[in-house]
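*Asks:* Quick one: the structure is below, and I'll ask about it shortly.
The values are calculated or read from the model by the stated rules, or taken from the named source; none is laboratory data. Computed from a prediction, not measured in an experiment: that's the story for all the values here. Every residue, glycine as well, gets a Cβ built from its backbone with ideal geometry; the counts of neighbours run over all protein chains shown.
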Amino acid sequence: MDDMKTKYTVQKAGAKRRGIPFALSFDDWRDIWLSSGKWDQRGVGVNKYCMCRVGDKGGYEKGNIFIGLFNANSSDANTGRAQSDSKRIKLSLAAKGRKQSTEWVAKRAQALRERKGV
């Protein structure tokens, strides 16, 4: 029970830090996790589960949350968000398994900005 209370407190504090309303009591939060059957699989990473908000909008409150896969939730959160040139390059390189120096990434990002006239 102490572990659950700690996890609840950490999630509530994280929501506050990110400016997201958190309107779940500990009992509500615990019941949602236990009824999902995914408590033992919660965490960060592929095939782990987390508490998600519908459409990644609104607060953590009854009717606006569900337990879902972490990687899907992370992907949904980033959909439609603008990324800097350097971020896109870093993601592209990581996806291809190539490692490039930070200096090279910065130079490439600058070249892209200049090409766009930014």
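*Asks:* Can you report the number of residues in segment 26-38 which are surrounded by 15 or more Cβ atoms within 10 Å (Cβ to Cβ) and within 10 Å of ILE67 (Cβ to Cβ)?
*Replies:* 4
*Asks:* Moving on to the next point. Out of segment 6-33, which residues are in a helix (DSSP H, G or I) and either out of contact with any helix residue (DSSP H, G or I) (no Cβ under 9 Å at 6 or more places or on another chain) or not assigned by TED's automatic domain parsing to the domain that holds GLY63 (or both)?
*Replies:* In the first step, residues of segment 6-33 are kept if they are in a helix (DSSP H, G or I); the result is 6-17, 26-33.
Hits for segment 6-33 are THR6, VAL10, ALA13, GLY14, ALA15, LYS16, ARG17, ASP27, ASP28, ASP31, ILE32.
*Asks:* Look through segment 40-91, keep the residues that are among the aromatic types (Phe, Trp, Tyr), surrounded by 15 or more Cβ atoms within 10 Å (Cβ to Cβ) and in contact with a helix residue (DSSP H, G or I) (Cβ under 9 Å, 6 or more places away or on another chain), and return whichever of them is modelled with the lowest pLDDT. Lay out the reasoning, then the answer.
*Replies:* So in segment 40-91, the residues among the aromatic types (Phe, Trp, Tyr) come out as 49, 60, 66, 70.
Of the ones still in play, those that are also surrounded by 15 or more Cβ atoms within 10 Å (Cβ to Cβ) are 49, 60, 70.
Now narrow it down to the ones that are in contact with a helix residue (DSSP H, G or I) (Cβ under 9 Å, 6 or more places away or on another chain): 49, 60.
Working: TYR49: 92, TYR60: 96.
Among them, the one singled out is TYR49.
*Asks:* Looking at (1) at pLDDT below 80; (2) under 30 Å from GLY37 (Cβ atoms), which is the one condition that is false for ALA94?
*Replies:* Result: ALA94 passes all but (2).
*Asks:* How many residues does segment 5-25 contain that are more than 18 Å from LYS62 (Cβ to Cβ) and loosely packed, with under 15 Cβ neighbours inside 10 Å?
*Replies:* First, the residues of segment 5-25 that are more than 18 Å from LYS62 (Cβ to Cβ): 5-7, 9-10, 13-14, 16-19.
Checking the rest, the ones that are also loosely packed, with under 15 Cβ neighbours inside 10 Å come to 5-6, 9-10, 13-14, 16-19.
Final tally of qualifying residues: 10.
*Asks:* With the structure loaded, tell me whether ALA72 is closer than 30 Å to ALA106 by Cα and not in a helix (DSSP H, G or I) or whether it fails that test.
*Replies:* Values: closer than 30 Å to ALA106 by Cα: yes; not in a helix (DSSP H, G or I): no.
For ALA72, the condition - closer than 30 Å to ALA106 by Cα and not in a helix (DSSP H, G or I) - is not met.
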